[in-house]
Amino acid sequence: MKQKPLGLLLVFCLCSHQETRAANEVENLAKTVLLDATPLKEPDQVAFSYRNAVKAARNSMVVVVAQKWQNTRYPDLPPSDWNSDANKQRVQEGRGETGSGIVLTAAGLILTNHHVVAGSARITLRSPGMETEVEAGIVGSDPSTDVALLRARSGSWTPGIFGDSNQVEPGDVVLALGNPYGLEHSVSMGIISATGRSDIRSLNTSLQDFLQTDAAIHPGNSGGPLVDGLGRIIGMTAARFGSENIALAVPSNLALKVAQDLLDHGRVQRGFMGVQLQNLTQEQAQKMALPAGTRGVLIAQVETGSSAHRSGLLPGDVIKTLNSHSVASAASLMTRMTLLKKGDWVELQILRDGKSARYDVQLGEPKESQVMPPSLEWELVSGLKVALLDKRLRDKWLLPSHLNALRVMEDYLLDGKRLLQAGDLITQVNGRNVSMAARQPDPKSSLRFRSPILMLHVQRQKETLMIGVHQEHEVPSVKRDDQ
């Protein structure tokens, strides 16, 4: 089987306190992620065994165990109320849920679903033949496409070989590998039932371009590889829809593009035209005197000064194709835009007043993708580096959306003993809730105390600890860093 490095992903340098890397250590996914885009030979050939395909893919699949946060005092309380001071509830690590993952690199970059690890306090990985579990951190996650990227803390991993999901067609044989109901490394077989499935309203993903298969998928399969008859990964299983015979998978090309963006930028970069879109209904098509059966996406509004406005697009235009690909819904068009980025040119075929026209549009950047202000980080005491959780950090580590705490960024040692470890969550300092300090104009000053001893209320995985640390100098609570 011909193997070559994947040219789709670029050089990146991941810089975070949680995953500190040497300045000269640069990962190049173009040299590590493997791609075999060779078309299937003799597609009508009958195979009596797929053991070689299973062997090719099995070692690149991992078991993902995600310990979820839960409210131990008020289990039915919604997460939005978890940090209400009046409730005085405790949030700590709860049950473990099992999913699957796909190895991208030998160094331990792992693909899985966003919903597998969302709200996790702790994530561990295990590959075939591995007796112990390895902890993993979250590089980034994108709920819109249900893709998350993890990094194993240690170990050597066997990367999978990725196929070209654009070449997949209905009728192709596929195998789904995963851990259904905890039955690790199970395999099921089916065919591709359809491609480009979107507008499935029962799912939380807003951008959908699923592969549909009748291979058996059950809880625990999520995040696992969907492979072709040669063992090449062409999708990542995501959900079962409606019945035993309908399963959905994220195409591998889309998952890899999202992974690249999460590595390079910490978020997904999507192409932006500056239009509001609607699905074209048959009733609208009739009012616009379009031919019966016309399919496309209606432009409802064009933002002044946007790429679409400069290119001449108008409200009422119907987009038929994007780069020669038919677009039957707003969701499918937006998903294709996820594969593009700022600066790319797209070719649109549209209908205007019943006549066909072509427009070339250079994509911009959506406003919500602009750079967010940096997270607040400082030393609570000398050597104890902490960060106040904000939206950026909650998204990065998939913490509950309303959890307020200080996250310990690096291990804190005293006399050679580790008192605090990276990832610990400090919820109180000298009895003052971090949730109260977070609402102050200067959270850093509100957590300063004259006492030489700071008593920290710490949440560490399944433990709740009280830890005292000593300040080298007494710090007046009213003193600011810039005074």
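Here are some notes:
- Among the residues of the range 406-423, those identified as part of a loop (DSSP other than H, G, I, E, B), of a type outside the set (A, V, I, L, M) and in contact (Cβ under 8 Å) with a residue 40 or more places away in the chain are Glu410, Gly423.
- Candidates are the residues of the range 128-141 that are outside any strand (DSSP E or B) and among the charged types (D, E, K, R); the one that is nearest to the chain's Cα centre (by Cα) is Glu133.
- Search result, residues across the range 142-176 that are under 20 Å from the mean Cα position of the chain (by Cα) and either at pLDDT 90 or above or not assigned by TED's automatic domain parsing to the domain that holds Arg232 (or both): Asp146, Val147, Ala148, Leu149, Leu150, Arg151, Ala152, Pro159, Gly160, Phe162, Ser165
- Residue count for the range 136-154, restricted to those that are of a type in the set (Ser, Thr, Tyr) and farther than 20 Å from Leu211 by Cα: 2
- Cβ pairs under 8 Å, 6+ apart, first in the range 113-124 and surrounded by fewer than 24 Cβ atoms within 10 Å (Cβ to Cβ), second assigned to a helix (DSSP H, G or I): Gly119/Pro79
- Per-region count, the range 432-459, residues surrounded by 18 or more Cβ atoms within 10 Å (Cβ to Cβ), at pLDDT 85 or above and not in a helix (DSSP H, G or I): 6
- For Gly182, the test of being on the phi > 0 side of the Ramachandran plot, in contact with a Gly (Cβ under 7 Å, 6 or more places away or on another chain) and buried (at least 24 other Cβ atoms within 10 Å of the Cβ) is failed.
- Restricted to the range 200-214, and to residues there that are farther than 14 Å from Arg336 by Cα and at pLDDT below 80, the residue that is surrounded by the most Cβ atoms within 10 Å (Cβ to Cβ) is Thr205.
- If only residues of the range 16-52 that are touching a strand residue (DSSP E or B) at 6+ places or on another chain (Cβ under 6 Å) and in a helix (DSSP H, G or I) are counted, the one that is modelled with the highest pLDDT is Lys31.
- Residue check: Leu256 meets all listed conditions (1) assigned to a helix (DSSP H, G or I); (2) assigned by TED's automatic domain parsing to the domain that holds Glu347; (3) under 26 Å from Glu347 (Cβ atoms) but one, namely (2).
- Test: residue in the range 243-251 that is surrounded by 18 or more Cβ atoms within 10 Å (Cβ to Cβ) and over 20 Å from Ser329 (Cα atoms): yes
The values are calculated or read from the model by the stated rules, or taken from the named source; none is laboratory data. This structure is a prediction, so every number in the text was calculated from the model and none was measured. Please note: Cβ atoms are built from the backbone with ideal geometry, for glycine as well, and neighbour counts cover all protein chains shown.
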